[in-house]
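The values are calculated or read from the model by the stated rules, or taken from the named source; none is laboratory data. Source: prediction; values computed, not measured. Cβ atoms come from the backbone with ideal geometry, glycine included; neighbour counts cover every protein chain shown. Just so you know, the surface numbers come from the protein's heavy atoms only, side chains and all, with ligands and any DNA or RNA stripped out. Shrake-Rupley method; radii C 1.70, N 1.55, O 1.52, S 1.80 Å.
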Amino acid sequence: MMNPVLELKAVDRVYQQGDRKLAILQAADFTLTPGEMVALVAPSGAGKSTLLHSAGLLERPDSGDVFISGRACGRLGDDERTAIRRNEIGFVYQFHHLLPEFTALENVMIPQLVKGLTRAEAAKRARDLLDYMKIGQRADHRPAELSGGEQQRVAIARAVANAPLVLLADEPTGNLDPATSSYVFEALEALVRQSGLAALIATHNHALAARMDRRVTIADGKITAL
Ligand code: ADP
């Protein structure tokens, strides 16, 4: 059994809505090991974003803890959490959030430059990743000149630019037609399989969920197998 790259242990996440308390996660446990692709399937409002944001250190649990590569992250300071998020975690959203004034290549270079790589190093890896996502020939185009599927492939390349351990995706193909969605998912799947990354992917698409290693949902504040 490989050591988990992501672990939630007894995580509580409670929102205050007026004078009501809304317990979205309650003593929630979850484990993700390297190379694993897990689908998160739950209705809107069930807490998928809350789970992804907690796992990605964008939110802090009210109690319990999130471990990245065995390291407890709940009590770390903001700078350390930001560093872990930058180096170990990649995010893909439903909408690509690419920077419009930069080319596809530059969008994939930027996180690497922020991390301190040289322009030459960042450009080489960005080209390799865009080739891998079968979009190398569009590297010098800006997002507005790319189709929705191409934009998402660039966004995936950007998410893994710094070779994270964990990829967290919130409906990464939710905005695409079925054929494009399937094509983008195949590229994502190949990348995860080839790199040994671990991925937690929220999706409403049952066909895509069926292709992952396992499926989980959120029920009564717990993360349970589907
Ligand atoms: P999903 O991603 O599955 O649609 P979310 O995690 O976004 O669900 O939200 C789960 C529930 O928590 C929803 O009912 C939402 O209204 C509530 N919620 C989310 N964020 C907050 C917040 N910051 N304050 C209060 N309630 C919130």
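Of the residues in the stretch 20-48, how many are hydroxyl-bearing (Ser, Thr, Tyr), open to solvent by 40 Å² or more (accessible area, probe 1.4 Å) and farther than 22 Å from Ala207 by Cβ?
Counting residues in the stretch 20-48 that are hydroxyl-bearing (Ser, Thr, Tyr), open to solvent by 40 Å² or more (accessible area, probe 1.4 Å) and farther than 22 Å from Ala207 by Cβ gives 1.
Any residue at all in the stretch 30-42 that's farther than 14 Å from Leu167 by Cα, near the ligand (Cβ under 10 Å from one of its atoms) and out of contact with any Ser or Thr (no Cβ under 7 Å at 6 or more places or on another chain)?
No, every residue in the stretch 30-42 fails to be farther than 14 Å from Leu167 by Cα, near the ligand (Cβ under 10 Å from one of its atoms) and out of contact with any Ser or Thr (no Cβ under 7 Å at 6 or more places or on another chain).
Being among the basic types (Lys, Arg) and either outside any loop (DSSP other than H, G, I, E, B) or within 19 Å of Ala198 (Cβ to Cβ) (or both) is the filter here; which residues of the stretch 34-64 pass it? Before the answer, list the steps.
The initial filter retains those residues of the stretch 34-64 that are among the basic types (Lys, Arg), namely 48, 60.
Across the stretch 34-64, the qualifying residue is only Lys48.
Is it the case that some residue within the stretch 130-138 is modelled with pLDDT under 95 and among the β-branched types (Val, Ile, Thr)?
Yes, the stretch 130-138 has at least one match.
Only one of (1) touching a Leu at 6+ places or on another chain (Cβ under 8 Å); (2) open to solvent by 50 Å² or more (accessible area, probe 1.4 Å); (3) within 10 Å of the ligand (Cβ to nearest atom) fails for Arg13. Which number is that?
(2)
Scan the stretch 28-41 for residues that are at pLDDT 95 or above and touching a Gly at 6+ places or on another chain (Cβ under 7 Å) and report the count.
Result for the stretch 28-41: 1.
Looking at (1) in contact (Cβ under 8 Å) with a residue 24 or more places away in the chain; (2) under 21 Å from Gly35 (Cα atoms); (3) not hydroxyl-bearing (Ser, Thr, Tyr), find the lone condition where Ala139 falls short.
Single failed check for Ala139: (2).
Which of the residues that make up the stretch 168-226 are open to solvent by 10 Å² or more (accessible area, probe 1.4 Å) and part of a strand (DSSP E or B)?
Listed by number, the residues that qualify are Asp170, Arg214, Arg215, Thr217, Ile218, Ala219, Lys222, Ile223, Thr224, Ala225.
Report every pair of residues separated by at least 6 positions or lying on different chains whose Cβ atoms are under 7 Å apart, first residue within the stretch 45-59 and touching a residue at least 12 places away in the same chain (Cβ under 8 Å) and on the phi < 0 side of the Ramachandran plot, second near the ligand (Cβ under 7 Å from one of its atoms) and part of a loop (DSSP other than H, G, I, E, B).
If the second residue must be near the ligand (Cβ under 7 Å from one of its atoms) and part of a loop (DSSP other than H, G, I, E, B), the pairs left are Lys48/Ala42.
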